[in-house]
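Written below as structure tokens is the structure these notes are about.
Only the coordinates and a few stated rules stand behind these numbers; no lab work does. Quick caveat, the model's predicted, so the values are computed rather than measured. All Cβ positions, glycine included, derive from the backbone under ideal geometry; neighbour counts span all protein chains shown.
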Amino acid sequence: MADLTPPPAPTLRHRLEYGAFRLLDGILGRLPWTTVQALGEAAGSLFYLVDPRHRRIVRENMRFADLGLDEAQTRAMARACFRHFGALFVGLLRLRTATPEELDRWIKVEGLEHFDAAQAGGKGFIQLTGHYGNWEAIALAQSRHGRTLDAIGRELDNPLLEPISLGFRTRFGNRVILKGGAMRETLKSLKAGRGVGFLLDQDALTAGVWVRFLGRWASTFGTAGSLAARYGLPVLPVFSWPNPDGTITVRFEPPFDVPVSGDAAKDAWVATQLMTARIEAQIRKDPRWWFWMHRRFKTRPGEGNPLPAPLPAPEWVELVQSFLV
């Protein structure tokens, strides 16, 4: 039976946020792309100065990630990270109103043949990325070129802004799968031969499996890995990053298959570890573009209520190394 309960009325905070958005949208939506990027970097630099909590999180994450940075390099990298994400979030306001021709100038897409190869099998595929570069630009640009996908996401807390966000994400034919009932809709999409996008670099709290990420155990959602192993789905990695001239590169990598042994739990874990390793490899190429503000390692093995899953069997860890060589 459908839930006929009306949604809660917007609060004063919601209305203030909506008003601020409309003001910024009206201003930034008319400015040149390079100007918007510069303003975003300035905003990021400001937040670096006034947000000590996230500044500390970024530095701690970088120190524990085995990047080989000294303290001066860590601080410089942290400042660059704040500038990048300032440009990313402010830039979304300009991307929202960009014409298709502007998108073609600002976002350079490479490797679309790999998307076509993943889709050619007809059984659906996992499109893999992380909070690296500009993940919103990935979905926008690929759909602009006719390569649409379904992405799992959650509604914004602000009901006045949610329709705007949804319109941006679905502008060229992408679809959003809401987290409530996501598995059923995901299976429908895969059965229809569509790709489903996963961002696989968030802390999964006590609901995840443990994989190695940036030198540490990280609780990671295992849904994508489980689906890839269970249904024999190809995995299509795609990443993006900003260029010195202000453009964004989006690059699709060749799809790969995950190994299947018949042990469902092991196969799902191996797939999740292999996917995570792809994200880590991209981060290590240029760490400035990853979302270091996220408390990725907040969940720890053996801690929490309820307790998280146990660490993987040593033989699983040894096995996956043979696929990473």
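The table below lists the values:
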item	result
Table column - 3J(HN,Hα) (Hz), the range 220-228, Karplus curve with 6.51, -1.76, 1.60, x for Gly and Pro	9, 4, x, 4, 4, x, 5, 5, 4
Anchor LYS298: aspartates and glutamates whose Cα lies under 16 Å away (excluding residues fewer than 8 positions away in-chain)	GLU60, ASP201, ASP203
Amide hydrogen neighbours beyond the local backbone of GLN127, cut-off 5 Å, H modeled	VAL196, GLY197, PHE198, LEU236
Stokes-Einstein diffusion coefficient of the range 12-324, Kirkwood radius over Cα pairs, 37 °C, 0.692 mPa s, in µm²/s	160 µm²/s
Dipole axis of the chain (+1 Lys, Arg; -1 Asp, Glu on Cβ), positive-most option in MET77, GLY111, LEU166	LEU166
Net dipole in debye of the range 77-128 [+1 Lys, Arg Cβ; -1 Asp, Glu Cβ; about Cα centre; nearest 20]	400 debye
Amide H contacts of ARG175 (H built 1.01 Å from N, under 5 Å, at least 5 apart or other chain)	LEU149, ASP150, ALA151
Phi-based couplings in Hz for the range 80-92 (Karplus 6.51, -1.76, 1.60; Gly and Pro marked x)	4, 4, 4, 4, 4, 6, x, 5, 5, 6, 5, x, 4
Amide H partners (placed H, <5 Å) of VAL109, local residues excluded	VAL250
Difference of contour (0.36 nm per residue) and Cα-Cα distance, TYR18 to ALA76	17.5 nm
Neighbour cut-off at most 16 other Cβ (10 Å), DSSP loop, trypsin sites (Lys or Arg not before Pro), the range 98-158	LYS123, ARG154
³J(HN,Hα) computed for each position of the range 57-66 - Karplus, 6.51 cos²θ - 1.76 cosθ + 1.60, integer Hz, glycine/proline x	4, 4, 5, 5, 4, 5, 5, 8, 8, 6
Per-residue [θ]222 nm for the chain (sum of -39500 (n - 2.57) over DSSP H runs n ≥ 4, rounded to 500)	-15500 deg cm²/dmol
Inter-probe distance in nm under a simple model that places probes 7 Å from Cα toward Cβ, at ALA9 and LYS191	4.2 nm
For the range 227-272, alpha-carbon Rg over 2.2 N^0.38 Å	1.62
Hits among lysines - C-alpha to C-alpha of LYS188 under 19 Å, sequence gap 8 or more where chains match	LYS123, LYS179
Charge dipole magnitude, Cβ of K and R +1, D and E -1 - the chain, Cα centre, debye nearest 20	600 debye
The range 185-325 - Kirkwood radius from inverse mean 1/r over Cα pairs (Å)	16.2 Å
